[in-house]
Amino acid sequence: MSIPRFLRSAFAGYEIFEIKECLSEQRICLWVKAEENEEALCHRCRSPIHCDGKYLQKIQCMPVMGLRVEVTLTRRRGHCTGCKKSRAEQVEWLSEETPRDSHAVTHRVR
């Protein structure tokens with residue numbers, strides 16, 4: 001299945017590497033990861049981080065055509081040069097208040 005253009009542009013700096021439609025469960029599942037040329041920045045101080053690992057994070061996005069959209073993000077983690085701690089990368093389209101939701105979901109609930 002080809003990835004619709006609006007989904008590609010929704011995750012700036014990240015690429016969708018897998019998509020699965022679960023019509024019986026009324027949801028679309030996307031798996032995204034950072035593009036190779038993107039530098040990882042600390043989510044607290046925005047300093048560069050030296051990536052030494054990654055983990056999966058599930059994120060709730062706005063529904064599309066009545067289907068729930070669930071994103072599994074491969075999020076990088078590493079040592080921040082500014083904080084001097086191990087930190088996760090900054091993801092622009094994630095809500096800072098509730099990191100399990102995208103900005104669109106958080107603003108809709110408010």
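The values are calculated or read from the model by the stated rules, or taken from the named source; none is laboratory data. Owing to the predicted nature of the structure, the values given are computational and were not obtained by experimental measurement. Note: ideal-geometry Cβ built from the backbone for every residue, glycine included; neighbour counts use all protein chains shown.
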(request) For the range 18-38, enumerate the residues that are modelled with pLDDT of 90 or more and in a loop (DSSP other than H, G, I, E, B). (result) Gln26, Glu35
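Going through the range 60-102 one residue at a time, which ones are in a loop (DSSP other than H, G, I, E, B) and among the charged types (D, E, K, R)?
Lys84, Lys85, Glu92, Glu96, Glu97, Arg100
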(message) Yes or no: the range 43-59 includes at least one residue that is at pLDDT 90 or above, in a loop (DSSP other than H, G, I, E, B) and either among the basic types (Lys, Arg) or surrounded by fewer than 11 Cβ atoms within 10 Å (Cβ to Cβ) (or both).
(response) yes
(message) Among the numbered criteria (1) aliphatic (A, V, I, L, M); (2) at pLDDT below 90; (3) under 17 Å from Glu18 (Cβ atoms), which one does Met62 miss?
(response) (3)
